[in-house]
Amino acid sequence: MLDAEERMEISVLSRHGRSIRSIARATGRSRNTVRRYLRGGGDIRVRRKPAPRRIAKLDPFKDYILERLRAAAPDKIPAVVLFREIRQRGYLGGETRVKEFVRSLQPPPQPDPVVRFETGPGQQMQADWASIRGGKYRLSVFVATLGWSRAAYIEFCEDERLETLIRCHENAFAAFGGVPREVLYDNMKTVVLERNAYGAGRHRFHPGFLDYAGHAGFLPRLCRPYRARTKGKVERFIRYVKGSFWVPFAASMKQAGVKADRHAANAAASRWLREVANARVHGTTGEVPAIRLADERQTLQRLPAPYKDRSEPERPYAERRKPVIAYQHPLSVYEDLFAGAAA
């Protein structure tokens, strides 16, 4: 279409007696276009300068998001975490815009294959270890989730020894305010030594851990082999811990030039559990885990006395020795009690 300047130029040249061919040559337009205009055919659209690009609310924070994602690579920081971070830095937009921007930078997520099942209040806790970092500065995280309320507890550790596992259980029960009737595990070596040792569903548990279970009053149960999905609540929460807490935390420490250790991780994790994980609306229950925990706590067993002289006090790893575990009762009592802990 002709702009205002071209329209004026054609009109002037025509009044000067120039032919259509001459006007077309002068303006660079086709003869048909010039002829149609001079005959009054059609409106002439005036070209306007494009409006200046409006700065979106998220634009000033995109570099920050990209920097955070680069620092976390090859892991990913969830968009909801980035939204919380930039909101503290003055972002006034919505969470959806942040999710769309982060999604545009990442491949689509794979569907979750985990199928969960539900248990009543006070019935079950699911527990597992997750490896965070190997090598010289090894780091693991103990993760425990109550089946009904979805209240969670995590603790970062430098090893996965029996005394460490027992200490984590004691701390988790204290955080929950009681002991569930059973705890579900996968193939933790410090929990089970041999599956089906006494027949189908009758397992040989680690004697040290069996003694602690008897002391605390819970029944250890095992997932079926190759069906860890029955432990889906804690498996899903482990992914949530890594994505929502550990990756952003480790990236922040990396940006500050500091190596993340278990002390710093546990201090930050305590606040994260209180303010984020147990305070959010859970995607499955549609309720806040901390609120549901207040109800579930009424159905938990009372906390046992401290497991005296059995959980080795913390010392430098090189100075630790194998703990000598005294049993409260003959092992046969525990074997009979827990051998029926089937998948």
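The values are calculated or read from the model by the stated rules, or taken from the named source; none is laboratory data. Keep in mind that this is a model prediction, so the values were computed, not measured. Positions of Cβ are backbone-derived with ideal geometry, glycine not excepted, and every protein chain shown enters the neighbour counts.
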Completion exercise
Of the residues in the stretch 307-328 that are closer than 12 Å to HIS215 by Cβ and out of contact with any helix residue (DSSP H, G or I) (no Cβ under 7 Å at 6 or more places or on another chain), the one that is modelled with the lowest pLDDT is ALA326
Fill in the blank from the handout: Among residues of the stretch 140-174 being surrounded by fewer than 22 Cβ atoms within 10 Å (Cβ to Cβ), closer than 25 Å to ASP295 by Cβ and without any contact (Cβ under 8 Å) to a residue 60 or more places away in the chain, the residue nearest to the chain's Cα centre (by Cα) is PHE142
Practice task
Would you please name the residue that is nearest to ARG195 (Cα to Cα), looking only at residues in the stretch 221-258 that are modelled with pLDDT of 85 or more and charged (D, E, K, R)?
Solution key: ARG221
Problem - Filter result (of a type outside the set (A, V, I, L, M, F, W, C) and crowded, with 18+ Cβ neighbours inside 10 Å) within the stretch 183-207 - result: TYR185, ASP186, THR190, HIS203, HIS206
Exercise for the section: Please give the number of the condition ASN196 fails out of (1) farther than 26 Å from ALA268 by Cα; (2) in contact (Cβ under 8 Å) with a residue 24 or more places away in the chain. Expected result: (2)
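For (1) surrounded by 11 or more Cβ atoms within 10 Å (Cβ to Cβ); (2) assigned by TED's automatic domain parsing to the domain that holds VAL241; (3) modelled with pLDDT of 85 or more, each residue gets a yes or a no:
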| site | (1), (2), (3) |
| --- | --- |
| MET8 | yes, no, no |
| ARG15 | no, no, no |
| ARG25 | yes, no, no |
| PRO50 | no, no, no |
| ASP63 | no, no, yes |
| ARG68 | yes, no, yes |
| PRO74 | no, no, no |
| ARG84 | yes, no, yes |
Fill in the blank from the handout: Taking the stretch 77-101 and keeping only residues that are under 11 Å from LEU58 (Cα atoms), part of a loop (DSSP other than H, G, I, E, B) and either touching a residue at least 40 places away in the same chain (Cβ under 8 Å) or aromatic (Phe, Trp, Tyr) (or both), one is left with TYR91
